[in-house]
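The values are calculated or read from the model by the stated rules, or taken from the named source; none is laboratory data. The model shown is predicted, which means the values in this text are computed figures rather than measured ones. Heads up, the Cβs are rebuilt from the backbone with ideal geometry, glycines too, and the neighbour counts pull from every protein chain shown. Side chains included, ligands, DNA and RNA excluded: accessible areas come from the protein's heavy atoms. Shrake-Rupley method; radii C 1.70, N 1.55, O 1.52, S 1.80 Å.
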Amino acid sequence: MNKLFKLNLRDIGGKCGIPKGLLLRSGKLSIFTEEECAAFCRKYDIKCVIDLRTPIESAEFPDPLPDGVEYLQIPLLKDAAVGITHETGSDAMTIIRNLRKHPEKLKEMVPDFKVLYKDIVTDEYSRANLDKAVAVMRQNAEKGICTLCHCTAGKDRTGIASMALLKSYGVSDEEIIKDFMRTNRNAFWPTIKKCFGVWLLTRNWDLVKTGYKCFMADRELIEIAIANY
C-alpha cells in the first residue's frame, strides 16, 4: 500500500481564503525511513511539524525528520488520558496481540471517544495546547511557512486540531465535518486489514466491531467537539 495513502495526508487549505500548500495534516511520520521522510519534507516544502501525540507515543514511534525542519511537540492529551503506559506501549495491534487472551482488558483500554472529543476542547491542559497549535499554524502560514500537524492516525486529535484551525478562519461547521469525514477515504482499507488481524488474533467478533469503530472517523464525534468548542 502506498505510504502516502497510509499517511492520511491532506491539505487543510483552499477554503475561505486559507492558503493552499501551507497547512497539512497527516498520521505519524514514523512509517517513513529517514531518507523517505527527508524526500517527503522536500516534496511538500515542510518546514515545521507539530506532533499532537503524547511523549510516550512520540518516543515509541519518533518522527525521522531531517535537519532544518522544526519539531514542536504539543500534546492534546496526557498519556494517562488514553491509557498509555511504557509497559503497554501505544501501538493498537501490539496491545491486541499481547492481550489477545484477555478481551475484557482490551475493552477496558478503549477510551470513551465521546468524552475524549469533549475533553480535548474543554479540559484546561488540552484546550491550552489546542489553542497553541492553532496559533503556531496560523502564524507560520502568514509567514509562508508550510506546517504539518499530525497525531498517530491523523484522525482524532488531528481532526480536532483541523476543526479548530478551520473555525478560526470562519469555515462553516458542515465544511469542517466534510473535511473530518474525508479520513474514511484513506482509513477504510487499512481498517479492514486491521480488523482482519484482530479476528485472527482473538476470534472475538465484538473486538472486531469495536476496532472498526475506533479506526474509522465518526461524524457524531466531531459534532461533539464543535458543539463544545
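Within the stretch 5-83, how many lysine pairs that are 8 or more places apart, or on different chains, have C-alpha atoms less than 20 Å apart?
So the count of such lysine pairs works out to 7.
Just need the relative contact order of the chain here, percent rounded to a whole number, with Cα pairs under 8 Å and 6+ apart.
Result for the chain is 26 percent.
Name the residues whose placed amide hydrogens come within less than 5 Å of the amide hydrogen of Ala153, ignoring near sequence neighbours (fewer than 5 apart) on the same chain.
Lys28
Kindly provide the pair-distance distribution of the stretch 142-202 built from C-alpha pairs, with 10 Å bins from 0 and whole-percent values in order of increasing distance.
Going from the shortest bin to the longest, the percentages are 19, 38, 28, 11, 4, 0.
Tell me the mean residue ellipticity at 222 nm calculated for the chain from its helices only (DSSP H runs of n ≥ 4, each -39500 (n - 2.57), averaged over every residue, nearest 500).
-16500 deg cm²/dmol
What is the P(r) of the chain, as percent of Cα-Cα pairs per 10 Å bin from 0?
Once binned at 10 Å, the Cα pair distances of the chain give 8, 33, 39, 18, 3, 0.
Show me 13-23, 46-56, 110-120 ranked by packing, highest mean number of other Cβ atoms within 10 Å first.
Output ranking for 13-23, 46-56, 110-120: 46-56, 110-120, 13-23.
What percent does the relative contact order of the stretch 165-229 come to when contacts are Cα pairs within less than 8 Å and at least six residues apart?
RCO, the stretch 165-229: 37 percent.
On C-alpha positions alone, give me the angle between the axis of helix 34-44 and the longest principal axis of the chain, in degrees, nearest 10.
40 degrees
Please report the carbon-and-sulfur percent of the accessible area for the chain; probe 1.4 Å, protein heavy atoms only, DNA, RNA and ligands left out.
Percent of accessible area from carbon and sulfur atoms in the chain: 54.
Of Phe40, Leu130, Gly211, whose Cα points farthest to the positive end of the dipole of the chain (charges on the beta-carbon: +1 Lys, Arg; -1 Asp, Glu; origin at the Cα centre)?
Gly211
Report the local net charge at Lys167: Lys and Arg +1, Asp and Glu -1, summed over other residues whose C-beta lies under 15 Å from its C-beta.
-1
Relative contact order for the stretch 5-45: what percent, with Cα pairs under 8 Å and sequence separation of 6 or more?
Relative CO of the stretch 5-45 lands at 34 percent.
Explain nothing, just the number: dipole magnitude of the chain about its Cα centre with +1 on each Lys and Arg Cβ and -1 on each Asp and Glu Cβ, in debye rounded to the nearest 20.
Here the chain has a charge dipole of around 760 debye.
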